[in-house]
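The values are calculated or read from the model by the stated rules, or taken from the named source; none is laboratory data. If you're wondering where the values come from, they're calculated on a predicted model, not measured in any experiment. Glycine gets a Cβ as well: all are built from the backbone with ideal geometry, and neighbour counts include every protein chain shown.
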Amino acid sequence: MNFLNIDDLTRDELDDVLTRASDLKERTARGKTAEAMNGKTLGMIFEKPSTRTRVSFETGATQLGGHAIFLGPDDIHLGHGEPVRDTARALSRYVDVIMARVFDHADVVELGEYATVPVVNGLTDDAHPCQTLADLLTIKERFDGFDARVAWVGDGNNVCQSFVLGAAMVGLDLVVATPEGYGVDDAVLDRAAELGSAPDVVSDPETALEGADVLYTDVWVSMGEESERAEKLDAFSTAGFQVTEELLGDRLLMHCLPAHRSEEVTDSALESENSIVWDQAENRLHAQKGLLASLL
Ligand code: CP
Ligand code: NVA
């Protein structure tokens, strides 16, 4: 099976991945490796830069007894004339699982159609399901389950869209605040409603934060949106979306990272005691090990 969107998993499969992730996290803490990828290879395609996704997948493969190959934009023919479907079919003859970070979500769908090994979405312009796995693991650890209210304060982007679906699957109480014109796609809200419940949607951060245990934010200008930078910075700052310590209050702060300090979040909020972003980043590693173990 492929993991292109968080809801490619059933609720039971999602629970299974998160349980495996916790077990593997404990195992790693005890200095033990696992065997889920013994003799197996992960191919990692990157059209965009990455710190966490690249390193957590590569390290995760090692910790599972396998191997990972980094395939950056200048390393392979994809993007230089070879079609996605040919890359998918050739790579499938070598590796046991493919992870891809690409711009166009349709490309990861095409990879999934033509590959004969599982394909994992490592972020597209529309979705970041691996991030959602780590986010749910982080919330589950903090709240001993999903009985928490989360306020998304920021862009209705890829990270937000996957989180909306993941939250609906596990029954998290979610409210999404985005400036007018930067909301989550209607199709995602409809899908969330089918999966459990669509989040409350507002355009004011203060309203979103009423009764919230967690504030989750992300950059205002995602990779590939550089031409919209001036316009987006203006819209988000004018609408009061910058996460300061004052806005955060006593809530926990989540951020998928990388953070653009002084844009969506202040340095002091990100460095504050309420910030759990490093635990969240670490959980990318364990959540993806859980995913790889489950897929393989
Ligand atoms: N959160 C996340 O995916 O980070 P990278 O862009 O560093 O991989
Ligand atoms: N929304 C951000 C997430 C980076 C992990 C981006 O797409 O650039």
Item to check | Every residue from the range 88-135 that is away from ligand 1 (no atom under 16 Å from the Cβ) and closer than 25 Å to residue 225 by Cβ | outcome: 104, 106, 107, 109, 110, 111, 112, 119
Checklist entry - Where in the range 112-194 are there strands (runs of 3 or more DSSP E), lying wholly inside it, with at least 1 residues that are surrounded by fewer than 19 Cβ atoms within 10 Å (Cβ to Cβ) and modelled with pLDDT of 95 or more? => result 149-153, 173-177
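Considering only the range 20-40, I want to know if a residue exists there that is within 16 Å of ligand 2 (Cβ to nearest atom), aliphatic (A, V, I, L, M), part of a helix (DSSP H, G or I) and more than 20 Å from residue 115 (Cβ to Cβ).
no
Within 19 Å of residue 130 (Cα to Cα) and surrounded by fewer than 17 Cβ atoms within 10 Å (Cβ to Cβ), is that true of residue 96? So that I can check it myself, show each step before the final result.
Values: within 19 Å of residue 130 (Cα to Cα): yes; surrounded by fewer than 17 Cβ atoms within 10 Å (Cβ to Cβ): no.
Here the answer is no, as residue 96 does not meet what is asked.
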Next on the checklist: Which residue is nearest to the chain's Cα centre (by Cα), if the candidates are limited to the range 125-163 and must be of a type in the set (Val, Ile, Thr) and under 26 Å from residue 234 (Cβ atoms)?
Outcome noted: 159
Checklist entry - Does at least one position in the range 94-106 carry a residue that is of a type in the set (Ser, Thr, Tyr) and part of a helix (DSSP H, G or I)? => result no
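Name the strands (runs of 3 or more DSSP E) wholly within the range 196-296 that hold at least 2 residues that are within 15 Å of ligand 1 (Cβ to nearest atom)? Can you show your working first?
Details: elements: 200-202, 214-217, 252-255.
By residue number, 214-217, 252-255.
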Checklist outcome for this item: Among 219, 201, the single one that is within 25 Å of residue 276 (Cβ to Cβ), surrounded by fewer than 20 Cβ atoms within 10 Å (Cβ to Cβ) and hydrophobic (A, V, I, L, M, F, W, C) is 201
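Residues being of a type in the set (Lys, Arg) and crowded, with 21+ Cβ neighbours inside 10 Å: count how many of those fall in the range 3-27. Before you say what the answer is, go through the steps one by one.
Initial filter on the range 3-27 (of a type in the set (Lys, Arg)): 11, 20, 25, 27.
With crowded, with 21+ Cβ neighbours inside 10 Å added as a condition, the list becomes none.
Matching residues across the range 3-27 total 0.
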Next on the checklist: Checking the structure you have, find out if any residue of the range 63-81 is surrounded by fewer than 18 Cβ atoms within 10 Å (Cβ to Cβ), without any contact (Cβ under 8 Å) to a residue 24 or more places away in the chain and closer than 24 Å to residue 277 by Cα.
Outcome noted: no
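Have a look at 73, 49 and point out the one that is touching a strand residue (DSSP E or B) at 6+ places or on another chain (Cβ under 8 Å), within 16 Å of ligand 1 (Cβ to nearest atom) and under 19 Å from residue 104 (Cα atoms). Spell out the reasoning first.
On the way: 49 fails: touching a strand residue (DSSP E or B) at 6+ places or on another chain (Cβ under 8 Å).
Exactly one of 73, 49 is touching a strand residue (DSSP E or B) at 6+ places or on another chain (Cβ under 8 Å), within 16 Å of ligand 1 (Cβ to nearest atom) and under 19 Å from residue 104 (Cα atoms), namely 73.
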Checklist entry - Going by the conditions given, is residue 54 of a type in the set (Lys, Arg), free of Cβ contacts under 8 Å to residues at least 60 places away in the same chain, closer than 18 Å to residue 281 by Cα and surrounded by 21 or more Cβ atoms within 10 Å (Cβ to Cβ)? => result no
